[in-house]
Each structure stands twice: as structure tokens, then as C-alpha cells.
Amino acid sequence: MEILKGLYALLKIMLFSSQTVINPTPITVTDEVTRLKFPKPVTAINYRARIEIDVTHILGPYENIVEGLDTISAMYPEGCLTARLIALDGSEFVLDETGSAVGGGSYVVFHSFKPIPLNIEFEFVEVTSCFPIKDATLVWRNSGM
């Protein structure tokens with residue numbers, strides 16, 4: 001039965017995984033709340049949904065993955081990034097964990113270790129960063145592995 005659940009989850013990601021550019025015009029994310037409206041309401045298809053910002057223009061690309069992750073983690077430490085997702089019904093969910101990714105670019109990631117509600121339509125996001133992120137384009141990813 002567990003194998004079937006795993007295959008179903010994988011199939012869902014393969015068929016329905018998507019990304020949405022939240023702000024087509026770059027903004028600066030600071031320690032003051034910036035409220036953005038999604039182009040259309042978004043949902044999570046699994047608990048690994050997240051928001052990513054490409055910071056390659058700030059930190060540069062990395063050949064050495066470990067070096068890149070360490071640099072991003074030093075600049076955007078735990079608790080530095082916060083994204084509050086606001087649903088159509090007014091309920092909220094906070095992505096209060098800071099992550100990083102490298103590969104084809106350098107990225108900071110807003111995520112949560114708590115299960116993000118599935119099948120709830122989020123209309124707005126409010127974001128902050130302890131270290132300014134200039135020329136930021138935010139991308140919603142509705143799933144992850």
C-alpha cells in the first residue's frame with residue numbers, strides 16, 4: 001500500500017507540478033512587509049511547496065555546490081526570510097524557514113517544515129528579508145521532492 005501511495009505522489013508531481021512567477025516586474029524585498037497578489041490563486045499539491053528567489057545577480061553562480069550553499073546560508077541565515085501566504089478565505093500560512101539551492105543559479109528559498117495546507121487557494125503573499133534582495137522576482141513552486 002505504501003508503494004502505491006508513493007507512486008501516486010510521484011505521478012501527481014510529474015503531471016501537476018508547476019511554477020508561477022509572482023511578480024513579473026522585479027522588486028526589492030526588505031525587512032518591511034511587501035504584499036504581492038498572485039496573478040491567479042495558487043495551491044500546493046504536496047507539502048514541499050515553496051517560494052524561490054534567484055539571487056545569482058547578487059551572489060554569482062557557483063561551480064562548487066557546497067560553497068554556494070554555505071555562502072547563501074551565511075547571507076540569509078535561519079529566520080531571515082518570511083513569506084505569509086493569505087488564502088481567499090482569509091486564512092494564513094507562514095513559510096518561516098530559510099533555505100538555499102544552487103545549480104544553474106543561486107536561490108534563496110522560503111519554505112516550512114510544517115505541512116502546508118493542500119487544495120487551499122492562496123491569493124496574496126507578504127514577504128520580508130533581513131538582508132535586502134534587490135531586483136527580486138519571486139517564483140511559487142506548488143510542489144517539491
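The values are calculated or read from the model by the stated rules, or taken from the named source; none is laboratory data. The shown structure was predicted, so the numbers you read here are calculated from the model rather than taken from an experiment. Cβ: placed from backbone, ideal geometry, glycine included. Neighbour counts: every protein chain shown. The protein model used for the area step is the full one, side chains on, heavy atoms only, and it has no ligands, DNA or RNA in it. Shrake-Rupley method; radii C 1.70, N 1.55, O 1.52, S 1.80 Å.
Whole-Hz Karplus values for the range 76-93 come out as 10, x, 3, x, 6, 9, 9, 10, 9, 8, 10, 7, 4, 7, x, 5, 10, 9 Hz, taken residue by residue from phi with 6.51 cos²θ - 1.76 cosθ + 1.60 and θ = phi - 60°; glycine and proline positions read x. Close amide-amide hydrogen proximity is noted between TYR62 and GLY103, GLY105, each under 5 Å apart and 5 or more residues distant or on a separate chain (H modeled in the peptide plane; Pro and chain starts excluded). Applying the Karplus relation 6.51 cos²θ - 1.76 cosθ + 1.60 with θ = phi - 60° to the range 42-57 yields 3J(HN,Hα) values of 10, 10, 9, 9, 8, 6, 9, 4, 6, 10, 10, 10, 6, 10, 4, 5 Hz, where x marks Gly and Pro.
Taking all protein chains together and a 1.4 Å probe, the residues MET1, MET75 rank MET1, MET75 from largest to smallest accessible area. Each of the peptides 65-72, 45-52 was scored by the mean count of other Cβ atoms within 10 Å over its residues; in descending order, highest first, they stand as 45-52, 65-72.
For the range 105-111, 3J(HN,Hα) computed residue by residue from phi via the Karplus equation (6.51, -1.76, 1.60; θ = phi - 60°) reads x, 10, 9, 9, 10, 8, 8 Hz, glycine and proline entered as x. Non-local lysine pairs in the chain, meaning eight or more places apart or on different chains, with alpha-carbon distances under 28 Å, amount to 8.
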